[in-house]
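To keep things clear, I will list the structure first and then write my remarks on it.
The values are calculated or read from the model by the stated rules, or taken from the named source; none is laboratory data. Note that the structure is predicted; figures quoted are calculated from it, not measured. Methodologically, a virtual Cβ is constructed for each residue, glycine included, from the backbone with ideal geometry; neighbour enumeration extends over all protein chains shown. We work out accessible area using only protein heavy atoms, side chains counted, and drop any ligands, DNA or RNA first. Shrake-Rupley method; radii C 1.70, N 1.55, O 1.52, S 1.80 Å.
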Amino acid sequence: MAEDFSFEIVKNIGTLGSSKGGWTNELNLVSWGGRPAKYDLRSWSPDHQKMGKGSTFTKEELLALKDLLNSVEIE
């Protein structure tokens, strides 16, 4: 990772689940490198110092995902 890599979890929106090791899958508002916060879905270590791969969404993208999920019939 770059030396100037920084992030700030601005708001925890919710936790989707957790693993045996204590890592949690979370939806958060995260500011990356001091930029405006975006919605972020990824796994985090218990102390939030390490993270797994994830996806970052703008408000518009998250609304589109919400609409898509609302249209899915879960079996």
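Below, the figures for the structure above:
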| quantity | calculated |
| --- | --- |
| Accessible area of the chain belonging to carbon and sulfur atoms, whole % at 1.4 Å probe | 53 |
| Net charge contributed by nearby residues that have their C-beta within less than 11 Å of Ala37 (K/R +1, D/E -1) | +2 |
| Probe 1.4 Å, accessible area per residue of the chain, Å² | 78 |
| Gain upon complete extension [Thr56, Ser31; 0.36 nm per residue less C-alpha separation] | 8.0 nm |
| Solvent-accessible surface (1.4 angstrom probe) belonging to Phe57, in square angstrom, nearest 10 | 40 |
| Percentage relative contact order, the chain, counting C-alpha pairs under 8 Å, at least six apart | 21 |
